[in-house]
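Report on one structure; see the data block that follows.
A short reminder: the numbers here are calculations on the coordinates, not readings from a lab. Every value quoted in this text rests on a predicted model; they were computed, and no experiment measured them. In this analysis, Cβ positions are derived from the backbone assuming ideal geometry, glycine residues included, and neighbour counts consider all displayed protein chains.
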Amino acid sequence: MSGADARWGARWAAVQAAGIEGSAAGLARLPCGPERILLAQACLQYVRLHERSEAGDALVARLRGDGQAEVRLAAHLTALHTLPPGRAAEAEAGVVAELGAAGSSVGSWSVGEVWGDAYGRHDAPRPRDLFRRAAELLVDPDPVRRRVGLDLSRVALCEWRAAPEWLSSGWVRMFDDPVAELRSDAKALVGLSRAASRRAADPRVPVPPPCEVRVPVAVEPRDAEACLASRPVDASRLPPRMFHALLDRGPLSERQIAQLRHQVFTRPSAGQARHARAWWRHAGEASAPVLLPLLPQYFADTALLGIDALECLAAMGRFAAPALGALDAFLAGERIAVRHRGSPESDLQADELLVETAQFTRRHIMEDTER
């Protein structure tokens, strides 16, 4: 841990221990300087993340007129999160005014992270405003502002599906930025996303592979038969490939059908999504009315069960046409739908894989319907 990180950690721990009122009192006693900036930033981060109260609001209002630019910037950024949406413009004007003097970070966050997060407020999301602001900063003569534009862009890319469409051209221009770090970070940002790298169409950033590639594992029917015979009918987890290996050879036995039925129809689960296509192969078009209502719930699943659900719909072809409404609703979503994969970047890459698979599935259903 660096000295700066240690100092920030100490101030953040002190604010968490004392609460906002005690910390604000301590802040009032400190002279202007780096330690006061750190404490103010910690107080304001606490307000933004934990403390929505009159004391917190009063502190934000007071510090927006503070004598130190770094403190004013942190206060304006916090106000973007705490003020009613109708007053966002005044806080945003304050952020823009302070950027050059106050730098590109605030506490343990970058300015772009805190600012970009405010555009995603669920009570008043403003993705188009975020895209426009990021695009404007990406071409600013000031490298600090371009840095903030890149950080805003990263938030946009990891939150909103339309970000590559709006911002790719600005990112590509930054591949030739005079500041080496900004050049490198722009390329790394585009390299996170298959959609962004395709739009960039620049050999310096090739299209990355999908975040997950499923390689079929060949199973001999006799091995699949032995595996299923060794497990009870109501086993909680059975490998789908065992059923597919047997279906490649011919019909399932009554016991195997009972095992497969248990996987698909007992309750919503990973087994339901992963075995749905095997049930379709076994039961055919008569099973469409019971399978179709089950599958859309998995489209945005963290474990990428949506891939299994979409593969089943693609296999069903024209018989999956009643699911087109749910498929279109998933594709029309503005926000990244897949969450909790470990990082915003992992969520983005998983969502892109699901979108690509959903688009393929939709095309396949439509083509089969029109035959």
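Taking amide H atoms as placed 1.01 Å from N in the peptide plane, list the residues 5 or more away in sequence, or in a different chain, whose amide H sits under 5 Å from that of residue 105.
For residue 105, the qualifying residues are 111.
Order the peptides 197-208, 260-271 from the highest to the lowest mean number of other Cβ atoms within 10 Å of their residues.
Values: 197-208: 15.0, 260-271: 16.8.
Put in order of decreasing packing, that is 260-271, 197-208.
How would you rank 161, 183, going from fewest to most other Cβ atoms within 10 Å of each one's own Cβ? Let's see the in-between values first.
Details: 161 20, 183 15.
Listed from fewest to most nearby Cβ atoms, that is 183, 161.
I need the Debye-formula profile for segment 221-370: one equal scatterer per C-alpha, no solvent, reported as log10 I(q)/I(0) at q = 0.10, 0.11, 0.19 1/Å, two decimals.
-0.37, -0.44, -1.11
Hey, if you drop one equal point scatterer on each alpha-carbon of segment 93-247 and run the Debye formula without solvent, what base-10 log of I(q)/I(0) do you get at q = 0.09, 0.15, 0.20 Å⁻¹?
-0.45, -0.75, -1.21
Which translational diffusion coefficient, to the nearest whole µm²/s, is obtained for segment 34-73 from the Stokes-Einstein equation, given a Kirkwood hydrodynamic radius over C-alpha pairs, 10 °C and 1.306 mPa s?
Working: Rh = 10.1 Å.
Rounded, D is 158 µm²/s.
Please turn the phi angles of segment 324-329 into ³J(HN,Hα) values with the Karplus equation 6.51 cos²θ - 1.76 cosθ + 1.60 (θ = phi - 60°), one per residue in order, whole Hz, x for glycine and proline.
Coupling constants for segment 324-329: 4, x, 5, 5, 5, 5 Hz.
Please build a GNM for the chain, connecting alpha carbons under 10 Å apart, and tell me which residue among 278, 74, 17 fluctuates the most.
Greatest mean-square fluctuation among the candidates belongs to 17.
What do you get for the angle between helix 180-191 and the principal long axis of the chain? Use alpha-carbon atoms, 0 to 90 degrees, nearest ten.
That helix lies at roughly 30 degrees to the long axis.
Using Cα-only point scatterers and the Debye equation, what is log10 of I(q)/I(0) for the chain at each q in 0.06, 0.10, 0.12 Å⁻¹, rounded to two decimals?
Log10 I(q)/I(0), no solvent term: -0.34, -0.77, -0.94.
Return the long-range amide H neighbours of residue 160 (sequence gap of 5 or more, or a different chain), with a cut-off of under 5 Å between placed amide H atoms.
336
Using θ = phi - 60° and the Karplus relation 6.51 cos²θ - 1.76 cosθ + 1.60, list the HN-Hα couplings for segment 163-172 in order, rounded to whole Hz, with x at every Gly or Pro.
Once θ is set to phi - 60°, the couplings for segment 163-172 become 4, x, 4, 7, 10, 4, 5, x, 5, 5 Hz.
I want the local charge near residue 72. Using Cβ-Cβ distances under 10 Å, sum +1 for each Lys or Arg and -1 for each Asp or Glu among the other residues. Write down the numbers at each step before the final one.
Values: positive: 64; negative: 66, 70, 98.
Result for the neighbourhood of residue 72: -2.
Would you kindly calculate the mean projected area, averaged across all directions, of the convex hull enclosing the Cα atoms of segment 1-106, in square nanometres? Kindly include the intermediate steps, with their values, before the conclusion.
Working: hull surface 25.8 nm².
Over every viewing direction, the Cα hull of segment 1-106 projects on average to 6.4 nm².
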